[in-house]
Amino acid sequence: MKRAAALVLSLAACSPDPPPPPNPGALRPEMKPLALLFKTPDSWTREMPSSSMRAAQYRVPDKEKQAKDAELAVFHFRMASSLEENLKRWGAQMSAAPPKGEEVKAAFKTTMGDITGTYTPESGGTPIEDARMLAAMVDAPDGPWFFKLVGPGETVGDWREEFIAMLRDARE
């Protein structure tokens, strides 16, 4: 009897744990955890980055369900170009003048640009007319982090306050 009980216990110990419930924002095994911590709204879905230059990527839904979704791309570089150079690049991507940098009170020095225009993806994709970009540079101790939320103007505009809240809450 003792042998049967021991066999049952050893088999139970070898059985796999049940899979956790699905969580669309959770890390998949092939996604790297980030050194900079920030909270995105629950409805933003973390995706596999479309480029090796991206530290993370999120699908940002249209709140009103009348326009297309937007995309948040997160980049991290140990050394990067200056804030002014990034503001110029973001303006050029939107076929617009460089935005005026807007300081965001946060744990780290954070500067944001808010730009409207026609977005031309760096990867050479289809331009998006009537687009909006919220882009920010966060000067963290491990180097600058860049956040770029871009998509249809009404989609991006509806998420402006949440984007700023995400920047304010960024921590290591």
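What follows draws every value from the coordinates through simple rules; no lab data is involved. Quick caveat: nothing in here was measured; it's all calculated off a predicted structure. Note: ideal-geometry Cβ built from the backbone for every residue, glycine included; neighbour counts use all protein chains shown.
How much length is gained if the chain between Arg160 and Glu102 is pulled fully straight, taking 0.36 nm per residue apart and subtracting their Cα-Cα distance, in nm to one decimal? Could you put the intermediate results ahead of the total?
Values: separation 58, 0.36 × 58 = 20.88 nm, distance 1.29 nm.
Working it through step by step, the gained length comes to 19.6 nm.
If R0 is 25 Å, what FRET efficiency do you get for Arg89 and Thr126 from their C-beta distance, rounded to 0.05? Working shown, then result.
Values: r = 20 Å, r/R0 = 0.78.
The calculated FRET efficiency here is 0.80.
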*List the residues of segment 31-70 whose backbone N lies under 20 Å from a point placed 7 Å from the Cα of Arg171 along the Cα-to-Cβ direction.*
33-42
*Extended-chain gain in nm, criterion 0.36 nm per residue less alpha-carbon gap, Lys65 and Ser81*: 2.1 nm
*Where the centroid of each part is defined by its Cα atoms, how far is segment 31-75 from segment 80-141 in Å?*
16 Å
*Please express the shape of segment 47-168 as an equivalent ellipsoid: the semi-axes are the square roots of 5 times the eigenvalues of the C-alpha gyration tensor, given largest first in whole angstrom.*
21, 16, 15
